[in-house]
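The values are calculated or read from the model by the stated rules, or taken from the named source; none is laboratory data. On a predicted model such as this, the values are computed, not experimentally measured, just so you know. Using ideal geometry, Cβ is built from the backbone for each residue, glycine included, and neighbour counts are taken over all protein chains shown. These accessible areas exclude ligands, DNA and RNA; they are computed on the full protein's heavy atoms, side chains included. Shrake-Rupley method; radii C 1.70, N 1.55, O 1.52, S 1.80 Å.
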Amino acid sequence: MKALAIDSAVTKMTIAAKQDEKIITISLDIGMKQSETILPVIDYIFQQLGITPQELDYTVLCLGPGSFTGLRLTFSALKAIELAHTIPVYGFSTLEIYAYPYIQLPFTVIPVIDARHGKFFAAAYHSGKQLLKDGDYTPEEIIKCTGSTEPALICGPDAQMFYTIAYSLNPCLHTIFSQPATTDALFANAEDAIMHKKSPLKDFDGPVYLRASEAEEALKG
C-alpha cells in the first residue's frame, strides 16, 4: 500500500510516507514553524519514494488531543489531498497512538501530553483495555487509576515531565525515554481499519479538542 501519515499534535511533527514495506520518516522539532514546513516535507518524501499524491491508498493522522494549530494544519493538508484525489483520511486518538507499542502489556500504560496549567492530556490502558478515557487531568487524577503500588508505564512526548511530578504518588512508575515513530502506529491502525472495513473520516469530522483554546478562554474571561 501507498500511504501518508502525519502526527503534528505536539511541537515535534512527524511525517512519513510508505510504499509497501519501504517507509521514509522525517521528524522535526520546530514549534510554530510547522506551517512553513509541512508541505515541502511531504513533497520531499514523495519525491524520495517516487510516488505522487494521487497514487495514495489512504492518509492518516492524529485526531487529538494536542496543539490546536498543529492539528488543524494536518487536517487541512490531508483534507486537501482527499478533495483533490478522493483519497480516504483515517484518524485516531493521539493518546492511543502514543500508547500503541505498549498497549497490550499486562500492566497500566499511561500516554501523556503536557496540557499546561498543572494538567495533562492522558488516558490509561491495561492489557489492551482502556481504563481511563482521553481527558484533561491532574497528575493525582491520573495516578488514581494505577493504584499506589501497581507498576505503570508512562509514555508520550511528556512522559519524563509527568514522571518527575507523579513519582511521589506512585513509586512504581516507569518512563519511556525513546518512543518509536508515531507514524508507524498510525499506519498499523489505518491498515487494520481498512482490513476490517471501518469507515474513514467524514467530511465534517475535525480535530478532537479536550479543552478550549487559550484564545477562547481569553474571550470568555
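Overview of results
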item	result
Percent accessible area from carbon and sulfur atoms, region 94-204, protein chains only, probe 1.4 Å	56
Count of lysine pairs in the chain with Cα separation under 17 Å (8 or more residues apart, or interchain)	9
Between helix 68-85 and the chain: long-axis angle, C-alpha atoms, 0 to 90°, nearest 10	30
Magnitude of the charge dipole, region 139-215, Cβ model with Lys/Arg +1 and Asp/Glu -1, debye to 20	140
Kirkwood estimate for region 1-46, i.e. one over the average of 1/r between Cα atoms, Å	10.8
0 to 90° range, to nearest 10: angle between helix 34-49 axis and the chain longest Cα axis	60
Where a label projected 7 Å from the Cα of ALA80 along Cα→Cβ would reach, residues of region 1-43 with amide N under 18 Å	4-9, 13-17, 32-43
Dipole-positive endmost among PHE75, GLN160, LEU131 within the chain (Cβ charges, Cα centre)	LEU131
Residue of THR25, THR146, THR86 that the Gaussian network model of the chain assigns the largest fluctuation, springs spanning Cα pairs under 10 Å	THR86
Selected from MET195, MET161, MET13 as most flexible by GNM, with the chain as the system and alpha-carbon contacts under 10 Å	MET195
In Å², nearest 10: area of THR138 left accessible to a 1.4 Å probe	40
Interchain or long-range residues, amide H under 5 Å from THR11's placed H	none
Over the chain: helical MRE at 222 nm, DSSP H runs n ≥ 4 each giving -39500 (n - 2.57), nearest 500	-10000 deg cm²/dmol
Simple Cβ-charge dipole of the chain, Lys/Arg +1 and Asp/Glu -1, about Cα centre, in debye nearest 20	200
Per residue accessible area in Å² of region 1-146, where ligands, DNA and RNA are left out and the probe is 1.4 Å	44
Charge dipole (debye, nearest 20) of region 1-111; +1 at Cβ of Lys and Arg, -1 at Cβ of Asp and Glu	180
Considering only the chain, percent of DSSP beta bridges that pair antiparallel, nearest 5	60
Kirkwood estimate for the chain, i.e. one over the average of 1/r between Cα atoms, Å	18.0
Amide proton proximity set for ILE154, modelled H, under 5 Å, gap of 5+	ILE110, HIS174, THR175, ILE176
DSSP-defined antiparallel bridges as percent of all bridges, region 80-199, nearest 5	65
